[in-house]
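Mind having a look at this structure? Questions to follow.
Just so it is clear, none of the values below were taken in a lab; they were calculated from the coordinates. These numbers come from a predicted model, not from an experiment. Cβ: placed from backbone, ideal geometry, glycine included. Neighbour counts: every protein chain shown.
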Amino acid sequence: MQEEIVKLAPAVRRFAYSLTGSTHDADDLLQSTVERVLRSPAPEGVELAKWMFRICRNLWVDEYRSRKVRLNAAADPELQESQIVDGERAICGEITIRQVDAAMRQLPDDQRSILSLVALEGLSYKEVASTLDIPAGTVMSRLSRARAALSKILNLNATGVNA
């Protein structure tokens, strides 16, 4: 099992980076994922890759929610929603990895995770549906919305128009 985890680690790390947008946070998320997999192996009949992606996503969701609560509590004692502004500037002209990364962070979490699994990891719709435990039709509709939103964001950035 350890050899298989080592083989899957780069793919899970890419997925973690697509969720977090930070190499440091992606490394932490990968480490937490591997720790969890070693503590509680995949149930019988579940592929290790799917299990690791699911654990990674669930850990990220848990961390994202708790981080959001901590940020809101620190910024506003009444726990009101605070607007988070992404300070990264988009470079006009050709689309770069930084632009795609910034555009991905603007997508809703459910769309970003599905787009990452399909586009970065090469999973089929059926595999994504199984990994995230959602219907294949939901995968297709979220992926379609994610692609459309990403295209719109990137086109707006390329023309220099603010979204």
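Which residue out of 19, 38 is assigned to a helix (DSSP H, G or I), touching a residue at least 24 places away in the same chain (Cβ under 8 Å) and touching a Lys or Arg at 6+ places or on another chain (Cβ under 9 Å)? Give the steps one after another, and end with the answer.
Values: 38 fails: touching a Lys or Arg at 6+ places or on another chain (Cβ under 9 Å).
So the residue among 19, 38 that is assigned to a helix (DSSP H, G or I), touching a residue at least 24 places away in the same chain (Cβ under 8 Å) and touching a Lys or Arg at 6+ places or on another chain (Cβ under 9 Å) is 19.
Limited to the range 116-143, what total is found for residues that are more than 14 Å from residue 54 (Cα to Cα) and either in contact (Cβ under 8 Å) with a residue 60 or more places away in the chain or not in a helix (DSSP H, G or I) (or both)?
The qualifying residues number 4.
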